[in-house]
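*Asks:* Just dropping this structure here.
The values are calculated or read from the model by the stated rules, or taken from the named source; none is laboratory data. This structure is a prediction, so every number in the text was calculated from the model and none was measured. In this analysis, Cβ positions are derived from the backbone assuming ideal geometry, glycine residues included, and neighbour counts consider all displayed protein chains.
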Amino acid sequence: MKTTVETADELERPAGVERRRSSRVDLVVRVDYKTVDELFSEFARNINEGGLYVETDSPPQLGSSVALQFKIPGGDEPIQVMGRVVRISEGEAGGPPGMGIEFDDLNAQSRELINELVRNLRVGVSEPE
């Protein structure tokens, strides 16, 4: 049986209430991230301007800071941003185990690139023009 680890504020929220400010779109990209003492390379499964979901069997602890680097379609340079682990999932409804990471300080250029990609993916375009 698979279970989900929830944050304290999720336990206080009524079931089915979404915490994200923006919906995510499915997008598989390689993400390199590091914690205080380890470096990892995994795949992100979805993204929005607020964060992403990284597939992993061994996520850092909830609340951990991570330095992320990833490249998305339409971007010339990798996006580098600090993030925080806000959700850990052992997998549910057939989905992969992993972690939700919220971006701490995404610069305006990277945010706009992600927003444009999300808009285009929602209408079926694979890359921004």
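*Asks:* Identify, please: which residue in region 70-104 is among the aliphatic types (A, V, I, L, M) and more than 16 Å from E116 (Cα to Cα) and is, among those, modelled with the lowest pLDDT? Steps first, answer last, please.
*Replies:* Within region 70-104, the first condition is being among the aliphatic types (A, V, I, L, M), and the residues that meet it are 72, 79, 81-82, 85-86, 88, 93, 99, 101.
Narrowing the set further to residues that are more than 16 Å from E116 (Cα to Cα) leaves 81-82, 85-86, 88, 93, 99, 101.
Working: V81: 95, M82: 96, V85: 97, V86: 97, I88: 95, A93: 76, M99: 96, I101: 97.
Among those that are among the aliphatic types (A, V, I, L, M) and more than 16 Å from E116 (Cα to Cα), it is A93.
*Asks:* Have a look at R119, R111, R87 and point out the one that is part of a strand (DSSP E or B), charged (D, E, K, R) and either closer than 15 Å to N46 by Cα or out of contact with any Gly (no Cβ under 8 Å at 6 or more places or on another chain) (or both).
*Replies:* Working: R119 fails: part of a strand (DSSP E or B); R111 fails: part of a strand (DSSP E or B).
Only one candidate qualifies: R87.
*Asks:* Any idea how many residues of region 31-82 are basic (K, R), closer than 19 Å to S110 by Cα and touching a strand residue (DSSP E or B) at 6+ places or on another chain (Cβ under 6 Å)? Explain how you work it out, then say what you get.
*Replies:* Step one: list which residues in region 31-82 are basic (K, R), which gives 34, 45, 71.
Within this subset, residues satisfying the condition of being closer than 19 Å to S110 by Cα are 45, 71.
Remaining after also requiring touching a strand residue (DSSP E or B) at 6+ places or on another chain (Cβ under 6 Å): 45.
The qualifying residues number 1.
*Asks:* Further, regarding this structure: When you check T35 against the structure, is it surrounded by 13 or more Cβ atoms within 10 Å (Cβ to Cβ), over 14 Å from the mean Cα position of the chain (by Cα), at pLDDT below 85 and not small (G, A, S), yes or no? Even if it seems obvious, please write down each step before you answer.
*Replies:* Values: surrounded by 13 or more Cβ atoms within 10 Å (Cβ to Cβ): yes; over 14 Å from the mean Cα position of the chain (by Cα): yes; at pLDDT below 85: no; not small (G, A, S): yes.
Considered against the rule, which asks whether it is surrounded by 13 or more Cβ atoms within 10 Å (Cβ to Cβ), over 14 Å from the mean Cα position of the chain (by Cα), at pLDDT below 85 and not small (G, A, S), T35 comes out as no.
*Asks:* Okay, moving on. What is the residue count in region 90-108 for residues that are among the hydrophobic types (A, V, I, L, M, F, W, C) and not in a loop (DSSP other than H, G, I, E, B)? Full working, then the answer.
*Replies:* Here is the first cut: in region 90-108, the residues among the hydrophobic types (A, V, I, L, M, F, W, C) are 93, 99, 101, 103, 106, 108.
Those still in the list that are not in a loop (DSSP other than H, G, I, E, B) too: 99, 101, 103, 108.
The number of residues fulfilling the criteria is 4.
*Asks:* Kindly indicate whether any position in region 53-65 is surrounded by fewer than 16 Cβ atoms within 10 Å (Cβ to Cβ), assigned to a loop (DSSP other than H, G, I, E, B), on the phi > 0 side of the Ramachandran plot and at pLDDT 95 or above.
*Replies:* Within region 53-65 (the criterion being surrounded by fewer than 16 Cβ atoms within 10 Å (Cβ to Cβ), assigned to a loop (DSSP other than H, G, I, E, B), on the phi > 0 side of the Ramachandran plot and at pLDDT 95 or above), the answer is yes, since at least one residue qualifies.
*Asks:* Which one is farthest from N46 (Cα to Cα), of the residues in region 71-84 that are outside any strand (DSSP E or B) and within 14 Å of the chain's Cα centre (by Cα)? Steps first, please.
*Replies:* Taking region 71-84 first, the residues outside any strand (DSSP E or B) are 71-78.
Those left that are additionally within 14 Å of the chain's Cα centre (by Cα): 71-72.
Values: K71: 13, I72: 11 Å.
It comes out as K71.
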